[in-house]
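The values are calculated or read from the model by the stated rules, or taken from the named source; none is laboratory data. Computed from a prediction, not measured in an experiment: that's the story for all the values here. Virtual Cβ from ideal backbone geometry, glycine too; neighbours counted across all protein chains shown.
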Amino acid sequence: MSATFPAQSPQSRSPQIIPCVDIQGGHAVRLYEGDPDRETVYFDSPLLAAQHWAGLGAPLLHLVDLDAATGRGENRRLIADIVEAGVASVEVGGGIRDVDAAEKLLALGVMRVVIGTAAVKNPELVRNLLAAHGPERVVVSLDARWPDVAVSGWAAASGVQVAEMTARLGEMGLETLIFTDVTRDGTLKGLDRTLMAQVRQLWTNTLIVGGGVANLDDVALLSELNIEGAIVGRAIYEGTLPYPV
């Protein structure tokens, strides 16, 4: 599949709302504050979830293999089913901690891989993937309890601050950064305005955010801060944010 963000003039640009399909135990779920033991199952099949959002016009889906992220297993076959269905472009994160894991997903036809924990623990992985595939196929996800980056499925503190990581990634030539406020993810509390403004200041390339998106007020905040998009789960699954917006 092709382009993620269509070319737009500054006057017409609107934030992209990217549906998230979190996969755990073979189901499409959402977690509360990233806790794998506090899940809500929204679709028995991740493929059905993908088809649902694509059917509503989503050009891009954000898939997360939660089992791979937490070391409980993996769901590559289910991800392959979604890619093979061809309903939308997909980016995939969760447990991608070496070149082999990234290459296997890209070989499946995934549009781009999302590197999380490994970007902190093994920065050379990001550098090598960018060199091999270019910034259009590699994204880094910084999941944070501000000001620190969280790792290992959000279960542990990394000892690295967000400001340090954004500077490092910018020097590598990364284009797209995903920033998630772990403390609000899955809570429907709304985006933290102050935090989003701080991250926008730190990252001047393409910024996609997540963590607490609840309603149209959050979409308006994205526009106000010139943030290119948001990954949204619970709000669109439960209808507090209409989709398409």
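For the range 78-100, enumerate the residues that are more than 17 Å from the chain's Cα centre (by Cα), of a type outside the set (Val, Ile, Thr) and more than 19 Å from Ala54 (Cβ to Cβ).
Of all residues in the range 78-100, those more than 17 Å from the chain's Cα centre (by Cα) come to 78, 80-81, 84-87, 98-100.
Now restrict to residues that are of a type outside the set (Val, Ile, Thr): 78, 80-81, 84-86, 98, 100.
Asp98, Asp100 - these are the residues of the range 78-100 that are more than 17 Å from the chain's Cα centre (by Cα), of a type outside the set (Val, Ile, Thr) and more than 19 Å from Ala54 (Cβ to Cβ).
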Quick one: is Thr187 hydroxyl-bearing (Ser, Thr, Tyr), closer than 16 Å to Leu222 by Cβ and touching an Asp or Glu at 6+ places or on another chain (Cβ under 7 Å)? no
Among (1) surrounded by 15 or more Cβ atoms within 10 Å (Cβ to Cβ); (2) more than 24 Å from Leu66 (Cα to Cα), Val139 falls short only on (2)
Out of (1) under 20 Å from Trp203 (Cβ atoms); (2) of a type outside the set (Ser, Thr, Tyr); (3) in contact with a helix residue (DSSP H, G or I) (Cβ under 6 Å, 6 or more places away or on another chain), what's the single condition that is false for His62? (3)
Please determine, by comparing only the residues of the range 114-127 that are in contact (Cβ under 8 Å) with a residue 12 or more places away in the chain and surrounded by fewer than 22 Cβ atoms within 10 Å (Cβ to Cβ), which one is farthest from Thr70 (Cα to Cα). Arg127
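Has the range 72-83 got any residue that is at positive phi and crowded, with 21+ Cβ neighbours inside 10 Å?
Step one: list which residues in the range 72-83 are at positive phi, which gives 73.
Then drop every residue that is not crowded, with 21+ Cβ neighbours inside 10 Å, which leaves none.
No; the residues of the range 72-83 include none that is at positive phi and crowded, with 21+ Cβ neighbours inside 10 Å.
Within the range 171-245, which helices (runs of 4 or more DSSP H) (wholly inside it) include 1 or more residues that are modelled with pLDDT of 95 or more, among the basic types (Lys, Arg) and out of contact with any helix residue (DSSP H, G or I) (no Cβ under 8 Å at 6 or more places or on another chain)?
Details: elements: 193-202, 216-224, 234-238.
Once the helices (runs of 4 or more DSSP H) in the range 171-245 are filtered for at least 1 residues that are modelled with pLDDT of 95 or more, among the basic types (Lys, Arg) and out of contact with any helix residue (DSSP H, G or I) (no Cβ under 8 Å at 6 or more places or on another chain), what remains is 193-202.
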Arg193 fails exactly one of the following numbered conditions: (1) touching a strand residue (DSSP E or B) at 6+ places or on another chain (Cβ under 9 Å); (2) farther than 24 Å from Arg76 by Cα. What is the number of that condition? (1)
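Across the range 90-113, which residue is surrounded by the fewest Cβ atoms within 10 Å (Cβ to Cβ) among those that are small (Gly, Ala, Ser) and in contact with a helix residue (DSSP H, G or I) (Cβ under 9 Å, 6 or more places away or on another chain)? Break it down into steps so the answer makes sense when it comes.
Taking the range 90-113 and keeping what is small (Gly, Ala, Ser), we get 93-95, 101-102, 107, 109.
Keeping just the survivors that are in contact with a helix residue (DSSP H, G or I) (Cβ under 9 Å, 6 or more places away or on another chain) gives 93-95, 101-102, 109.
On the way: Gly93: 27, Gly94: 27, Gly95: 25, Ala101: 21, Ala102: 26, Gly109: 15.
Restricting to residues being small (Gly, Ala, Ser) and in contact with a helix residue (DSSP H, G or I) (Cβ under 9 Å, 6 or more places away or on another chain), the top hit is Gly109.
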Looking only at residues that are surrounded by fewer than 19 Cβ atoms within 10 Å (Cβ to Cβ) and not small (Gly, Ala, Ser) in the range 142-159, which one is farthest from Val64 (Cα to Cα)? Pro147
